[in-house]
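These notes concern the structure reproduced below.
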Amino acid sequence: MVDVERFKQRLLDELKQLTNEGTHDEATKPVELDQQSIGRVSRIDAIQQQQMAQATERRRQIQMQRIKAALKRIDEDEYGYCAECGDEILEKRLDTDPAIPTCTKCAAAHETS
């Protein structure tokens with residue numbers, strides 16, 4: 001049987017860390033196109049930095065959603081069981097990613113399809 005309390009604490013800790021890591025508004029605000037104050041190469045670099053910050057924020061939001069879904073499964077006594085087939089998820093797999101919703105068999109089926 002999976003040690004649900006240990007995984008719950010890990011999930012809560014990770015959620016807290018992700019919440020505190022919120023992207024700074026400065027990194028995602030629109031890039032100024034004033035050619036007098038910033039050169040073309042600097043604008044391109046600023047746009048790339050902005051896109052990387054936005055991608056990081058999207059990944060952070062997705063991970064937060066995955067963690068919240070795992071916490072919901074804990075509350076519903078469904079944690080540790082595959083969301084697709086209902087088989088038990090190996091504790092070793094949960095150690096790697098406590099928010100993982102599927103067993104290795106179902107995950108492999110998604111990768112091949």
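Data table
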read-out	value
FRET efficiency, ALA107 to MET52 (Cβ-Cβ, R0 30 Å, nearest 0.05)	0.60
Cβ-Cβ FRET estimate between GLN9 and LYS92, R0 fixed at 25 Å, reported to 0.05	0.85
Set of lysines with alpha-carbon distance to LYS16 below 26 Å, sequence-local pairs under 8 removed	LYS8, LYS29, LYS68, LYS72, LYS92
Amide H contacts of TYR81 (H built 1.01 Å from N, under 5 Å, at least 5 apart or other chain)	ILE89
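Laboratory data are not the source of any read-out in this text; all were calculated from the coordinates shown. Values in this document were obtained by computation on a predicted structure and should not be read as measured data. For neighbour counting, all protein chains shown are included, and Cβ atoms are generated from backbone atoms with ideal geometry for every residue, glycine included.
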